[in-house]
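Here the structure is laid out as structure tokens; the discussion comes afterwards.
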Amino acid sequence: MCGLMGLITSDGAAPARAEAVRESLVCMRHRGPDESGEWHDEDVVLGFNRLSIIDVEGSHQPLTYASDRYRIVFNGEIYNYLELREELARDHGVRFATEGDTEAIVAAYDVWGPDAVRRLRGMFAFLIWDTRDRVLFGARDPFGIKPLFVSAGPHGVAFASEKKSLLELATALGEPTTAPDPTALQHYLQLQYVPEPLTLHRSIRRVESGTSFTVVPGEPMTAERYFVPQFDVKPVDDEVRLHAEITEVLRDSVAKHMRADVTVGAFLSGGVDSTAIAALAREHNPDLITFTTGFEREGYSEVDVARESAEAIGVRHVVREVTAQEMMDALPLIVWYLDDPVADPALVPLWFVAREARKHVKVVLSGEGADELFGGYTIYKEPLSLAPFEKLPGAVRKLAGALSTRLPDGMRGKDLLRRGALPLEERYYGNARIFRNDQLAAVLRGHDPGLSHVDVTAPLYADSGSWDPVARMQHVDLFTWLRGDILVKADKMTMANSLELRVPFLDREVFEVASHLPTEQKVAHGTTKYALRRAIDGIVPPHVLNRRKLGFPVPIRYWLAHDMLDWARQIVRDSQTDAILDKAAVLRLIDEHRAGPVDHSRRIWTLLVFMLWHGIFVEQRIRPEIPEPNYPVYA
């Protein structure tokens, strides 16, 4: 788990730009505080900050292979690296100079070429430079667990694990950075995150999940998707055997995710996903430490449930409670770490609990991905509740939609009629829905009424046209919510604290099993994740097994009307975003929220996070004090 950079020049002047790359690595020192390395030839500069997890004394990067034919920089973990090394040594006579997983990647590439990426089981973003054929090959993992940004400019094509390093590099090379991309901004305000491959800087994009690419000096990058998740639903002949298969593949995934030469802990909320991961991890480490976070306000903390779970599975447990003042104080620094705004309040307590965990361990396991793979979101029940609408003639459905507009806001059944009148492709665009178009037009100057979530989701629905509605919703979430929000906050908030986070649910073998589940094994019997819950019955404590999902809930509805009220108003007043946002309208939202009963908290938070981002990355008025990471290698 580290931070990488790479610049492949278009004019053979890499040596002259090596210092700029080296300096641009500094702002993501938190991703790899243990050691740094840089290498260049006439065409390429590779830079690296390392967080040492496997083969701590070896596997220094940029790593050389095959008599210096290849140089690789790699961020992530390959969990089947031992099996890969064994196969390569046995069948292809490969001799290894290290004990790590980095060399396994480049050795696999030397033997199998670009197809090697299909054999990797893990989370990764890497660059391999072939010094003989003068071609750069790279890839990002199937689900987008590890980030990779790319920018093409007059000096060549640059890659980095964090966008801020590419901004630093552009400045060092005298290349102007662009103003916020209005399309990306409007999507952010609708979704609470910037969807891939966009970023808020038009000159910088994300390499998409499940994609590999090549670059030749002086030529543009060419990319192809090597992994497309397919929900190939199959009938269940033997439910008991199916649930046993889920148990087995999860146990195998957790076992491989426990591979490390440093201490591994686990995050533990009050939910079934993290509890299952922690319970399975304890089978490999009886001294496992778990971590949770919460708030003092009643109804917004899972501390008591997590503590009870930790006691039940027999692990040591550490709690970090967060106050409103701590959130206000930390938010500018957190937004700096994020690169692009993500308006999910849960990322703030995640930053605090990661900070606490790093005092004890260097790696944590977590439960991200279970909902997308096994059908865990309550909204996945909607196709069942709206099924009667599907049988109505189109004209009748249209009439129901028209009727919904005449009903007062908050009236029971209004939203059911509205959504029932819409086809799935129009009504569902992921788990986050912040501003509707009419609401957005009131605050966003230059609002484009023709731009909507459909621009993001239409290709995903086109790819899944023959699937059942729940599978199509999962497909949308894998490409939007999961990689735009869930995995961004997981990576950024843990790496901000030089802590590696591993997600055993997001494993290709686990997905292979989950992808065949019919709807009745996901949302049925009054619950979600039905098959998963049956598979881990007996592994997780009974008080958790059928508990509804909460995650790390944050009391911003209350705080923005009380503790955070003056703070929020001051952020708006200080922000130099008058050309982008109607600040008077934003202040009205805050006043309406304060007066109640309307709840604008999520919309207000989304705007505040953007204003802080703008103050940091555009105005450069806000300059958070960046702590210097200082952790022992063997922690």
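The values are calculated or read from the model by the stated rules, or taken from the named source; none is laboratory data. These numbers were taken from a predicted model, which means no experiment stands behind them. Cβ coordinates were reconstructed from backbone atoms using ideal geometry, including for glycine residues, and neighbour counts include every protein chain displayed.
Considering the stretch 317-436, the qualifying helices (runs of 4 or more DSSP H), each wholly inside and each with 1 or more residues that are under 19 Å from Phe295 (Cβ atoms), run over 324-338, 347-357. How many residues, within the stretch 542-556, are surrounded by fewer than 18 Cβ atoms within 10 Å (Cβ to Cβ) and either at pLDDT 95 or above or in a helix (DSSP H, G or I) (or both)? Within the stretch 542-556, residues that are surrounded by fewer than 18 Cβ atoms within 10 Å (Cβ to Cβ) and either at pLDDT 95 or above or in a helix (DSSP H, G or I) (or both) number 3.
Is at least one residue of the stretch 597-613 under 22 Å from Thr293 (Cβ atoms), part of a helix (DSSP H, G or I) and charged (D, E, K, R)? Yes, the conditions are met somewhere in the stretch 597-613.
Can you confirm whether Val157 is out of contact with any Ser or Thr (no Cβ under 9 Å at 6 or more places or on another chain), of a type outside the set (D, E, K, R) and either in contact (Cβ under 8 Å) with a residue 12 or more places away in the chain or in a loop (DSSP other than H, G, I, E, B) (or both)? It would help to see each step written out before you state the result.
Working: out of contact with any Ser or Thr (no Cβ under 9 Å at 6 or more places or on another chain): no; of a type outside the set (D, E, K, R): yes; either in contact (Cβ under 8 Å) with a residue 12 or more places away in the chain or in a loop (DSSP other than H, G, I, E, B) (or both): yes.
Here the answer is no, as Val157 does not meet what is asked.
Considered as a group, the residues in the stretch 21-53 that are surrounded by fewer than 22 Cβ atoms within 10 Å (Cβ to Cβ) and hydrophobic (A, V, I, L, M, F, W, C) include one that is farthest from the chain's Cα centre (by Cα), and that residue is Trp39.
Here are the criteria: (1) touching a Lys or Arg at 6+ places or on another chain (Cβ under 9 Å); (2) in a loop (DSSP other than H, G, I, E, B); (3) among the small types (Gly, Ala, Ser). Tell me which single one Gly265 does not satisfy. Result: Gly265 passes all but (2).
Any idea which of Gly122, Gly100, Gly138 is of a type outside the set (Val, Ile, Thr), under 27 Å from Ser203 (Cα atoms), touching a residue at least 12 places away in the same chain (Cβ under 8 Å) and in the same structural domain as Arg29 (by TED's automatic domain parsing)?
Working: Gly122 fails: under 27 Å from Ser203 (Cα atoms); Gly100 fails: under 27 Å from Ser203 (Cα atoms).
It is Gly138.
Could we say that Lys234 is among the basic types (Lys, Arg) and under 22 Å from Leu460 (Cα atoms) here? Yes; evaluated as a whole, the condition is true for this residue. Determine if the stretch 582-602 includes at least one residue that is under 29 Å from Ser366 (Cα atoms) and at pLDDT 95 or above. Looking through the stretch 582-602, at least one residue is under 29 Å from Ser366 (Cα atoms) and at pLDDT 95 or above. Which of the residues that make up the stretch 146-181 are surrounded by 24 or more Cβ atoms within 10 Å (Cβ to Cβ), aliphatic (A, V, I, L, M) and over 14 Å from Arg206 (Cβ atoms)? Across the stretch 146-181, the qualifying residue is only Leu169. Taking the criterion of being surrounded by fewer than 23 Cβ atoms within 10 Å (Cβ to Cβ) and either modelled with pLDDT under 95 or not β-branched (Val, Ile, Thr) (or both), the residues of the stretch 353-365 that qualify are Arg355, Glu356, Arg358, Lys359, His360. Of the residues making up the stretch 395-415, those that are among the small types (Gly, Ala, Ser) and surrounded by 14 or more Cβ atoms within 10 Å (Cβ to Cβ) are Ala400, Gly401, Ser404.
When Trp567 is tested against (1) surrounded by fewer than 19 Cβ atoms within 10 Å (Cβ to Cβ); (2) at pLDDT below 95; (3) under 27 Å from Arg297 (Cα atoms), just one condition goes unmet, and that condition is (2). Ala116 passes all but one of (1) of a type in the set (Gly, Ala, Ser); (2) touching a Gly at 6+ places or on another chain (Cβ under 8 Å); (3) over 16 Å from Ile204 (Cβ atoms); which number fails? Here Ala116 meets the rest and fails (2).
May I ask you to list the residues in the stretch 570-581 that are surrounded by fewer than 16 Cβ atoms within 10 Å (Cβ to Cβ) and either at pLDDT below 95 or part of a loop (DSSP other than H, G, I, E, B) (or both)? Please lay out each step first, then the result.
So in the stretch 570-581, the residues surrounded by fewer than 16 Cβ atoms within 10 Å (Cβ to Cβ) come out as 570, 573-574, 576, 578-579.
Hits for the stretch 570-581 are Gln576, Asp578, Ala579.
Within the stretch 244-282, the set of residues being acidic (Asp, Glu) and modelled with pLDDT under 95 comprises just one member, Asp261. Among the numbered criteria (1) at pLDDT 95 or above; (2) touching a helix residue (DSSP H, G or I) at 6+ places or on another chain (Cβ under 7 Å); (3) not in a loop (DSSP other than H, G, I, E, B), which one does Ser309 miss? Evaluating Ser309 over (1) at pLDDT 95 or above; (2) touching a helix residue (DSSP H, G or I) at 6+ places or on another chain (Cβ under 7 Å); (3) not in a loop (DSSP other than H, G, I, E, B) leaves (1) as the failure. Listed conditions (1) assigned to a helix (DSSP H, G or I); (2) touching a residue at least 40 places away in the same chain (Cβ under 8 Å); (3) not β-branched (Val, Ile, Thr) are all met by Asp566, apart from (2).
Among the candidates Glu296, Glu311, the residue that is among the charged types (D, E, K, R), surrounded by fewer than 22 Cβ atoms within 10 Å (Cβ to Cβ) and free of Cβ contacts under 8 Å to residues at least 12 places away in the same chain is uniquely Glu311. Only a single criterion out of (1) in contact (Cβ under 8 Å) with a residue 60 or more places away in the chain; (2) small (Gly, Ala, Ser); (3) in a helix (DSSP H, G or I) is not satisfied by Ala584, namely (1). Scanning the stretch 595-613 turns up one or more residues that are more than 23 Å from Asn497 (Cβ to Cβ), among the polar types (S, T, N, Q) and in contact (Cβ under 8 Å) with a residue 12 or more places away in the chain.
Does Asn75 satisfy the criteria of being crowded, with 22+ Cβ neighbours inside 10 Å, in the same structural domain as Asp11 (by TED's automatic domain parsing) and touching a Lys or Arg at 6+ places or on another chain (Cβ under 9 Å)? Let's see the steps before the verdict.
On the way: crowded, with 22+ Cβ neighbours inside 10 Å: yes; in the same structural domain as Asp11 (by TED's automatic domain parsing): yes; touching a Lys or Arg at 6+ places or on another chain (Cβ under 9 Å): yes.
So Asn75 fits the description; yes.
Filtering Asp485, Asp507, Asp477, Asp468 for residues that are acidic (Asp, Glu), surrounded by fewer than 23 Cβ atoms within 10 Å (Cβ to Cβ) and in contact with a Phe, Trp or Tyr (Cβ under 9 Å, 6 or more places away or on another chain) leaves a single hit, Asp468.
Taking the stated definitions as given, is Glu426 modelled with pLDDT of 90 or more and either under 29 Å from Trp605 (Cα atoms) or surrounded by 17 or more Cβ atoms within 10 Å (Cβ to Cβ) (or both)?
Values: modelled with pLDDT of 90 or more: no; either under 29 Å from Trp605 (Cα atoms) or surrounded by 17 or more Cβ atoms within 10 Å (Cβ to Cβ) (or both): yes.
So Glu426 fails the test.
Residues that are outside any helix (DSSP H, G or I), within 26 Å of Ala116 (Cβ to Cβ) and modelled with pLDDT of 95 or more occur at least once in the stretch 183-202. Residue count for the stretch 441-458, restricted to those that are in a loop (DSSP other than H, G, I, E, B) and acidic (Asp, Glu): 1.
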